[in-house]
Amino acid sequence: MEGVRIRLSIPLDAFDSCVALFGLNDRNIQLLEDSLHVSIHLRNSALHVTGEETNTQMAEQVITELLAHLDAGEHVDESRVRYLISLAQQNRLDKVESAESRNKNTVAYTHRGKRIVSKTEGQRLYVQAMRTSGLTLAVGPAGTGKTFLAIALAAVAYRNKEIERIILTRPAVEAGEKLGFLPGDMVQKVDPYLRPLYDALYDIVGIEAYQRMLERGTIEVAPLAFMRGRTLNDAFIILDEAQNTTPEQMKMFLTRMGRNAKCVVTGDPSQIDLPALKRSGLLVALDVLQDIEGISIVRLSSDDVVRNDLVGRIVNAYDKYEARKNNHA
């Protein structure tokens, strides 16, 4: 039986807000209509939303939140619309930060002056954990900003003279490739594995600043194997792609922390490239380090994907596929 249908009207104060709200080729409005099964029309400087009562009220809440973002001068794209729809469907729109709170909790600024903000509830909790904990373990799918936000906070800590250097590392053996069988010298061999870290650094601090920091030794990008036997003091240390560490490697890395060191470990447990019988050091760490003072564990989900609207749907599709496969195993 179909629920009661209602119609709500939402006034629009400015033409610019209308254009920005609708998005390119009206994609934002189409997304609202398809996701919430409502009809949305623009007439007489107002949006008219028609559909079943619950869905229509959710659409109104999402549109009101989007207009608040636009009034605060913030950009609205499909990923933001999809995220707010997801929160509305879970009755969690109250978790959205106010514009004042988002400005107050800006993570960093890029070298071009662009503001880096936490765009989802999960990202906000992640940033808060990194600011308050000596060790943060963050797990979640691709596109959730795990590495980018960690590097942004590391750059802020360096600029504020809270630390003396930034160290970025990741396992150099992925997808079954071993360095000894790859062509070229060591730099050429490890460079492809570290390239995503360089890309994030270039976005945040810029290529010239990165080169200066590299020459002064205040930034280091190296394979995990290079961490063995060292004590890392006054440093912000980030281990990326940690799902591809062994338990021994993970323990070795975590025990490198020296005085005034902050450590962030990121990874995606669904992307483990270790041999079939080898357990991931990240999974062991998540189990061993629960409920220890000074350590935060943050779990991001497809709701926190901000890289590209399609990435969230791809992650969900693979999650469903893995669930079906496990049920039939």
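Coordinate-derived values only; no laboratory data. What you see is a predicted model; the values in this text were computed from it and never measured. Because the Cβ atoms are built from the backbone with ideal geometry, glycine has one as well, and the counts that use them run over all protein chains shown.
Between Leu277 and Arg159, what length comes free when the chain is fully extended (0.36 nm per residue of separation minus the Cα-Cα distance, one decimal in nm)?
Numbers: separation 118, 0.36 × 118 = 42.48 nm, distance 4.33 nm.
Result for the pair: 38.2 nm of gain on full extension.
Distance distribution note for the chain: the fraction of Cα pairs above 24 angstrom is 60%.
Report, in debye and to the nearest 20, how large the dipole of the chain comes out about its Cα centre when Lys and Arg carry +1 and Asp and Glu carry -1 on their Cβ.
Details: 40 positive and 43 negative charges, 209 e Å.
Dipole about the Cα centre, nearest 20: 1000 debye.
Taken over the alpha carbons of the stretch 57-148 as equal point scatterers, the Debye sum produces base-10 log I(q)/I(0) values at 0.15, 0.23 Å⁻¹ of -0.64, -1.35.
Of all segments of the chain bounded by GluC sites (Glu not before Pro) found in a DSSP loop with no more than 11 other C-beta atoms within 10 Å, the longest spans 3-292.
What is the fewest-to-most order of Arg82, Arg195, Arg299 by other Cβ atoms lying within 10 Å of their Cβ?
Numbers: Arg82 20, Arg195 11, Arg299 14.
Ordered by Cβ neighbours within 10 Å, fewest first: Arg195, Arg299, Arg82.
Spatially close Lys pairs in the chain, defined by Cα atoms under 19 Å apart and a spacing of eight or more places or different chains, total 12. For the stretch 213-288, applying the loop criterion from DSSP together with a ceiling of 13 other beta carbons within 10 Å to the chymotrypsin sites (Phe, Trp or Tyr not before Pro) yields no site. Contact order, relative form, for the chain: 19 percent (alpha carbon pairs under 8 Å, 6 or more residues apart, mean separation divided by residue count). Taking the DSSP bridge list for the chain and keeping only pairs wholly inside it, about 35 percent are antiparallel. Our summary of shape: the Cα atoms of the stretch 212-297 have principal axis extents of 41, 30, 22 Å, ordered from largest down, in whole angstrom.
Taking Gln128, Gln211, Gln243 as the candidate residues, the one with maximal mean-square fluctuation in a Gaussian network model of the chain, Cα springs under 10 Å, is Gln211.
Where does the charge balance sit around Ile163 when Lys and Arg score +1, Asp and Glu -1, over other residues with C-beta under 15 Å from its C-beta? Please report the intermediate quantities before stating the final value.
Numbers: positive: Arg131, Arg159, Lys161, Arg165, Arg216, Arg256, Arg259, Lys262; negative: Glu162, Glu164, Glu220, Asp234.
Local charge sum for Ile163: +4.
Among Ser39, Ser302, a tally of other beta-carbon atoms within 10 Å of each Cβ gives an order, fewest to most, of Ser39, Ser302.
The GNM of the chain, with springs linking C-alpha atoms under 10 angstrom apart, assigns the highest mean-square fluctuation among Ala317, Ala150, Ala20 to Ala317. Hydrophobic, long helices, defined as DSSP H runs whose alpha-carbon span along the helix axis is 24 Å or greater and whose mean Kyte-Doolittle value is at least 0.5, do not occur in the chain.
Taking amide H as placed 1.01 Å from N in the peptide plane, Val265 has its amide H under 5 Å from the amide H of Thr136, Leu137, Ala138, Leu239, each at least 5 places away in sequence or on another chain. The residues Lys114, Lys251, when put in order of fewest to most other Cβ atoms within 10 Å, stand as Lys114, Lys251.
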